[in-house]
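One structure below.
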Amino acid sequence: MQALKNIRVIDLSHVIAGPTASYYLAAQGAEVIKIENPRSGDSLRYSGTTSFEEGISATFAAINAGKKSLAIDLKNSTMLEVVYRLVETTDIFIENFKPGVVKKLGLDFDKLKAINPNLIYVSISGYGQSGNLAKFGAYDHVIQALTGMMMMGGESDLPLKVGFPVIDSATGMLAAQAIFAALFQRERCPGSIHLDVSMVQAAVQLMLPQVSRVLAQQEDMPRVGNRGFSESPGASTFQCSDGWISIAANTPKQFQALCKTLNVQQLLHDSQLIDQRTMTGKHGFVKAVNKENVQNILTEACLHFTARHLESELNSQGVPAASVRSLLTFISEALNEGLVSLPSEKVTYANGTATNFMNGFISNEDSASMHSYAPGLGQHTESLLLQLGLDSNLIANLKEDGAVYF
C-alpha cells in the first residue's frame, strides 16, 4: 500500500528510534526529508563493518531506505528559515533531542504550529517530556535497566540485557502507530497535534501484561529463563542430540502429543508428577506437581532426537516447536527456502546488495516492489534548496561555509 502518498515528513531524529518511525512512514509512500548535520550526518551511517556505499552502513540502510537527505546546519539562520519554509507544507515533524533543545534551536512545537496550524509534531525521547529524568539522555540498555526488563530474563540474580536494541525499535514502532492515529484524528478534526513518545513508554507497552500482574500482586515476576510463560512443563527449551529446541506443549492435547513423540507416555497419568486436574482441559494449561523431575524426564528424552526432527514431528502433531537458530540461519532459510512468509526486496548499491523488509506486513493491496535506496549524506540537499527558491550562488556560498553538504 501507499497509504501516505503526498504526505510530507521532516525527520530531525537520528540513530534508531526516530528513524524507525519515519522508515515505516516512507514505506507507506510518505516523502521523508531526513535533516542531518552537514559535518557528519547520522552516526548510524558508520555502524558496523559493512558499507554498501560511503556513509551507508548496512544498519543505516535498513531503517533509512526511501528517504531524502538534507544536510544543513540548523544553527545557520538561513538554514533555519529553510526549515520554516519546509514546515509550511509539511504534515509531520519528528525530533528526538533531549527536552528543551528544540526550543533553543527555534524548532519547538509552539513555534512550528504557528507556521503550520495542522502540523503533527512528534517528540521522541528517553523518559518523556516531563518528570525527574526528562532532561537526561538515554540509550536502549539504560532503559532496559531502569524499567526492570534486565531483571526479567535469564534465571540467575544477574541482570541480563536483551540481545538487540528492542526498546529503540519498539519506540519507533510506537511512534509510527501514534502518527497514523494522529493523521486519522486530523482528518476528523483539523488542528496541530503534539505526540510525546518515549523509550520508557515503549518498554512498558512491551511488558504490559507483566506490568499489570506485578502491580496487582505487588511482587516481581519470577525469572523463567528459556521456559515459556505458561508455566506448563512442556513449554520450555530443551537440549537435543545436535542442538536445542523450543517447545510449547501447553494444552493437555499438546502435552499428550509431546509425551507420545518422546516415548514418555508414563508422565501423562502419574499424579506424583503431573497435576491430573489440569489434564482435563478445564483448569488452563498443564501443570507439573514435581517440576524438577518432569523437566529431567523431558530433557533426557529430547537428547535422543535431533532438533530438526523434533521440530518437524511436533509441528505435524499440532505442538508449536522450533529448533534454536542463529539470526543468520533463520534469515537464510526464510529468504531462500520458503521457511516462512517474509516479503523482501533486493536493492543493489555500489559495494553490495541490501535486503529491504518493507512494511512488516502483507496486504492484498501491496504495490509492486519500490526498490527504495537509503540516501547518501546530503544527497538531496541541492535539489531541495533549489526547489525552495534559493539562488545557486547562495547555495554554493553556504556549501563553502560548511552550512550545507552535498
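The values are calculated or read from the model by the stated rules, or taken from the named source; none is laboratory data. Just so it is clear, the structure is predicted and the values come from calculations on it, not from any experiment. Note that we place each Cβ from the backbone using ideal geometry, even for glycine, and neighbour counts take in every protein chain shown.
Name the one entry in SER312, SER332 that is within 30 Å of ALA62 (Cα to Cα), part of a helix (DSSP H, G or I), of a type outside the set (Val, Ile, Thr) and over 20 Å from the mean Cα position of the chain (by Cα).
Details: SER312 fails: within 30 Å of ALA62 (Cα to Cα).
Matching residue, one of SER312, SER332: SER332.
What number of residues in region 303-337 are loosely packed, with under 15 Cβ neighbours inside 10 Å, touching a residue at least 40 places away in the same chain (Cβ under 8 Å) and hydrophobic (A, V, I, L, M, F, W, C)?
1
I need a count of the residues in region 62-82 that are surrounded by fewer than 21 Cβ atoms within 10 Å (Cβ to Cβ) and of a type in the set (Ser, Thr, Tyr).
2
Please enumerate the residues belonging to region 243-258 that are closer than 17 Å to GLU300 by Cβ and surrounded by fewer than 22 Cβ atoms within 10 Å (Cβ to Cβ).
Selection gives GLY243, TRP244.
With respect to GLY338, is the statement that it is in a loop (DSSP other than H, G, I, E, B), closer than 29 Å to THR49 by Cα and assigned by TED's automatic domain parsing to the domain that holds GLU54 true? Lay out the reasoning, then the answer.
Numbers: in a loop (DSSP other than H, G, I, E, B): yes; closer than 29 Å to THR49 by Cα: yes; assigned by TED's automatic domain parsing to the domain that holds GLU54: no.
No; evaluated as a whole, the condition is false for this residue.
Cβ-Cβ under 8 Å, sequence separation 6+ or interchain: first residue in region 205-234 and not assigned by TED's automatic domain parsing to the domain that holds VAL319 and of a type in the set (Lys, Arg), partner at pLDDT 90 or above and in a helix (DSSP H, G or I). Which pairs?
ARG223/MET151
Of LEU339, LEU394, LEU314, which residue is within 30 Å of LYS75 (Cα to Cα) and not polar (S, T, N, Q)? Let's see the steps before the verdict.
Values: LEU339 fails: within 30 Å of LYS75 (Cα to Cα); LEU314 fails: within 30 Å of LYS75 (Cα to Cα).
After applying the criteria, what remains is LEU394.
Quick grid of which residues meet (1) closer than 30 Å to GLU81 by Cβ; (2) of a type in the set (Lys, Arg); (3) surrounded by 19 or more Cβ atoms within 10 Å (Cβ to Cβ):
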residue: LYS111; (1), (2), (3): yes, yes, no
residue: LEU119; (1), (2), (3): yes, no, yes
residue: SER123; (1), (2), (3): yes, no, yes
residue: PHE136; (1), (2), (3): no, no, no
residue: THR147; (1), (2), (3): no, no, yes
residue: GLU155; (1), (2), (3): no, no, no
residue: LYS161; (1), (2), (3): no, yes, no
residue: VAL166; (1), (2), (3): no, no, no
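Which one of ILE331, ILE362, ILE395 is of a type outside the set (Phe, Trp, Tyr) and touching a helix residue (DSSP H, G or I) at 6+ places or on another chain (Cβ under 7 Å)?
Working: ILE331 fails: touching a helix residue (DSSP H, G or I) at 6+ places or on another chain (Cβ under 7 Å); ILE362 fails: touching a helix residue (DSSP H, G or I) at 6+ places or on another chain (Cβ under 7 Å).
Matching residue, one of ILE331, ILE362, ILE395: ILE395.
Given the options SER57, SER22, name the one that is of a type in the set (Gly, Ala, Ser) and under 16 Å from LEU195 (Cβ atoms). Write out each step before concluding.
Details: SER57 fails: under 16 Å from LEU195 (Cβ atoms).
That would be SER22, the only listed residue that is of a type in the set (Gly, Ala, Ser) and under 16 Å from LEU195 (Cβ atoms).
Every residue in region 384-393 that is surrounded by 12 or more Cβ atoms within 10 Å (Cβ to Cβ) and part of a helix (DSSP H, G or I), please.
LEU384, LEU385, LEU386
Run down ILE115, ILE120 and say which single residue is touching a strand residue (DSSP E or B) at 6+ places or on another chain (Cβ under 7 Å) and at pLDDT 95 or above.
Numbers: ILE115 fails: touching a strand residue (DSSP E or B) at 6+ places or on another chain (Cβ under 7 Å).
The unique qualifying residue is ILE120.
Looking at the structure I just gave you, is ILE63 farther than 22 Å from GLN387 by Cα and of a type in the set (A, V, I, L, M, F, W, C)? So that I can check it myself, show each step before the final result.
Details: farther than 22 Å from GLN387 by Cα: yes; of a type in the set (A, V, I, L, M, F, W, C): yes.
Considered against the rule, which asks whether it is farther than 22 Å from GLN387 by Cα and of a type in the set (A, V, I, L, M, F, W, C), ILE63 comes out as yes.
Filter region 13-35 down to the residues that are under 17 Å from GLN379 (Cβ atoms) and either among the aliphatic types (A, V, I, L, M) or buried (at least 24 other Cβ atoms within 10 Å of the Cβ) (or both) and list them by number. Show your work before the answer.
From region 13-35, those under 17 Å from GLN379 (Cβ atoms) are 14, 19, 22-23, 26, 31-35; that's our starting set.
Once the filter is applied, which keeps residues that are under 17 Å from GLN379 (Cβ atoms) and either among the aliphatic types (A, V, I, L, M) or buried (at least 24 other Cβ atoms within 10 Å of the Cβ) (or both), region 13-35 yields PRO19, SER22, TYR23, ALA26, VAL32, ILE33, LYS34, ILE35.
Condition test on SER123, is it touching a Phe, Trp or Tyr at 6+ places or on another chain (Cβ under 9 Å) and hydroxyl-bearing (Ser, Thr, Tyr)? Write out each step before concluding.
Values: touching a Phe, Trp or Tyr at 6+ places or on another chain (Cβ under 9 Å): yes; hydroxyl-bearing (Ser, Thr, Tyr): yes.
Considered against the rule, which asks whether it is touching a Phe, Trp or Tyr at 6+ places or on another chain (Cβ under 9 Å) and hydroxyl-bearing (Ser, Thr, Tyr), SER123 comes out as yes.
Considering ASN351, ASN356, which residue is assigned by TED's automatic domain parsing to the domain that holds ASP73, under 27 Å from PHE60 (Cα atoms) and crowded, with 17+ Cβ neighbours inside 10 Å?
Details: ASN351 fails: crowded, with 17+ Cβ neighbours inside 10 Å.
Going through ASN351, ASN356 in turn, the sole match is ASN356.
For SER156, state whether it is among the hydroxyl-bearing types (Ser, Thr, Tyr) and within 15 Å of HIS194 (Cβ to Cβ).
Criteria not met by SER156.
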